[in-house]
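Asker: This structure is in structure tokens; I'll ask about it shortly.
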């Protein structure tokens, strides 16, 4: 099928079948490298819908790295969709739609990146865009922490220590992605933080109303209004 | 015969995806209720091996905001507009239908009589259709649930109550559990099951109803290809709506239209009934004379 640009959620996105260039194991995670095709990498924090072979719905994944001619995604095999994606090998191809949603606001004075678990996914691309600012990463085990190699200069903690233990009193402009309890904790310590949230999502472009989160007492679609939100109440 | 392609209600937002809506022969809105509704608590989406569950719960801005804000913006797309109407009592249906009757940009009203994610109205589907019929001159389509022993009986009843067409089928109630906790995946527990698993169910319902009533039928349920469209047409559908496939492939309407245009497969005997917005200049004021 042709790969036409179509306005989705007020942004230009494309859908194309992309070849798998590689799938590298890092601890329990898989770094999936796809060819870029004619897709734009978008702003760090934006996401793509990745076809999960054999599954009815695609999976939303934020871009991890944007090497020349490629798009790279960090995956953790936690369910049938992510297991299907992690089993992709060179020679396979999947449909990809994107970029979608709101990324991070890069107009920040003193950025500090905070990530937890597979939630560090958007941070390598973000770090590149911001000129490698300081980063704090937290993982549940040493094996999970192997993936910190994607951000070589980051400070890393492993449970029971928490990434919020490393947050300075005046953390500056925090840009964070990770599990919900981590984001809640970061929000309490760093008002005005930009937080990248996650929700089960069917479409990624505002059609299904499945990915809502409560913002100011109202349900908002995370795919359209997020996934990066500032000051979620 | 060009087979009209629509979207299933709740499976496309024409304002966030205008170019997708413009590929359709008619755009069907998300269900509108008298008052604004925030919808069900998340998680609202779960996947199963052969389909998906949703538990949206009729999130919508209510009829006032719909008429003032949403409808004029959809109308700019120049695609025929079907408005899906829902509620929790016959008076809800009649209130929304009465408001829409004054809106020239609304071509068809589809009555959502079968949302599996909210409490049912106390009245029967027949009473709900009759209440809507009494207050609107728009063509009225009744969207029925497949979760009934004899859907043809419901079809005959809503036809007799004044429905101009049928939309078949809505999702069917289902439940998935989280693999780790064995607790329901969805915030509200059960949800509406859609996708490939619904297709044989939809075919059976369309087949049964096409033999039972004279009004046109929009078939839907698990359609992902031109073959699926032709199957529904072969059992009596006059138009076909795309649902779950739009979530994974917003380009599906264009792809399926191209497949249909290039198809050499026999379509069986195409229905001579025409769905209403397809020939808007001959839209009847009340009961269809389409057959």
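A short reminder: the numbers here are calculations on the coordinates, not readings from a lab. Please read these numbers as outputs of a predicted model, since none were measured by experiment. Note that we place each Cβ from the backbone using ideal geometry, even for glycine, and neighbour counts take in every protein chain shown.
Asker: Suppose we keep just the DSSP beta bridges with both residues in region A:62-167; what percent of those would be antiparallel, to 5?
Answerer: Counting only bridges with both partners in region A:62-167, antiparallel ones make up about 10 percent.
Asker: Here's something else I'd like to know. Between region A:28-56 and region B:227-246, how many Å separate their Cα centres?
Answerer: That distance is 31 Å.
Asker: Have a look at the DSSP beta bridges in chain B and tell me what percent are antiparallel, nearest 5.
Answerer: Counting DSSP beta bridges with both partners in chain B, the antiparallel share is about 35 percent.
Asker: Only Cα pairs under 8 Å and at least 6 apart count here; give the relative contact order of chain B as a rounded whole percent.
Answerer: 19 percent
Asker: If you don't mind, another one. Alpha carbon centre of region B:1-29 versus region B:105-144: separation in Å?
Answerer: Rounded to whole Å, the Cα centres lie 20 Å apart.
Asker: Considering only DSSP beta bridges where both residues belong to chain A, give the percentage that are antiparallel (nearest 5).
Answerer: 65 percent
Asker: While we're looking at this one, here's another question. Could you rank the peptides A:136-146, B:232-242, B:207-217 by their average count of other C-beta atoms within 10 Å per residue, with the highest value first?
Answerer: Ranking, from highest mean packing down: B:232-242, B:207-217, A:136-146.
Asker: Among A:92, A:169, what is the fewest-to-most ranking by other Cβ atoms within 10 Å?
Answerer: Least crowded to most crowded, the residues run A:169, A:92.
Asker: Using the C-alpha gyration tensor of region A:6-100, what are the square roots of 5 times its eigenvalues, in whole angstrom, with the largest one first?
Answerer: Ellipsoid semi-axes (Å, largest first): 20, 14, 12.
Asker: Another question, then. Which of A:93, A:185, A:66 ends up with the largest GNM mean-square fluctuation for chain A, with Cα atoms connected below 10 Å?
Answerer: Evaluated over chain A, the most mobile residue of the options is A:185.
Asker: Which of rounded, prolate or oblate describes chain B when judged by the alpha-carbon gyration tensor and an a/c cut-off of 1.5?
Answerer: Note, shape of chain B comes out rounded.
Asker: For chain B, set up a Gaussian network in which alpha carbons nearer than 10 Å are linked by springs, and say which option among B:46, B:258, B:130 fluctuates the most.
Answerer: Looking only at B:46, B:258, B:130, the biggest GNM fluctuation is shown by B:258.
Asker: What is region B:109-213's relative contact order, in percent, from Cα pairs under 8 angstrom and six or more apart in sequence?
Answerer: 29 percent
Asker: Which one, A:90, A:111, A:160, has the greatest fluctuation when you compute a Gaussian network model over chain A with C-alpha springs under 10 angstrom?
Answerer: Answer for the Gaussian network model of chain A: A:160.
Asker: Now, a different point. Hey, what did region A:104-191 get for relative contact order, percent, Cα under 8 Å, at least 6 apart?
Answerer: 36 percent
Asker: Between residue A:21 and residue A:141, what FRET efficiency comes out of the Förster formula 1/(1 + (r/R0)^6) with R0 = 30 Å and r the beta carbon distance, rounded to 0.05?
Answerer: After rounding to 0.05, the efficiency reads 0.55.
Asker: Using helices alone, I'd like the mean residue ellipticity at 222 nm for the protein assembly as shown: each DSSP H run of four-plus residues gives -39500 (n - 2.57), total over residue count, nearest 500.
Answerer: After summing the helix terms and dividing by the residues of the protein assembly as shown, the value is -5500 deg cm²/dmol.
Asker: Moving on to the next point. Given all pairs of different Cα atoms, what value in angstroms does the Kirkwood hydrodynamic radius of region B:93-159 take?
Answerer: It works out to 12.5 Å.
Asker: In what sequence, highest mean first, do A:72-81, B:117-126, A:170-179 appear when ranked by Cβ atoms within 10 angstrom?
Answerer: A:170-179, A:72-81, B:117-126
Asker: From other protein chains only, count the Cβ atoms within 10 Å of every residue's Cβ in B:242-250, then give the mean.
Answerer: For peptide B:242-250, the averaged partner shielding equals 6.
Asker: Shape of region A:104-191 from its Cα gyration tensor (a ≥ b ≥ c, root eigenvalues): rounded if a/c is under 1.5, otherwise prolate when a/b > b/c, or oblate?
Answerer: Oblate, since a/c reaches 1.5 and b/c is not below a/b.
Asker: Over the Cα atoms of the protein assembly as shown, compute the convex hull volume and normalise it per residue, giving Å³.
Answerer: Dividing the Cα hull volume of the protein assembly as shown by its residues yields 140 Å³.
Asker: To continue, here is another question. What does the extension gain come out to for residue B:181 and residue B:64, with contour length at 0.36 nm per residue minus their alpha carbon separation?
Answerer: Between residue B:181 and residue B:64, full extension yields an extra 37.9 nm.
Asker: Where the centre of each part is set by its Cα atoms, how far does region A:84-132 sit from region B:73-100, in angstrom?
Answerer: 40 Å
Asker: With a ≥ b ≥ c the root eigenvalues of the C-alpha gyration tensor of region B:117-196, is it rounded (a/c under 1.5), prolate (a/b larger than b/c) or oblate?
Answerer: Taking the square roots of the gyration eigenvalues as a ≥ b ≥ c, region B:117-196 is prolate.
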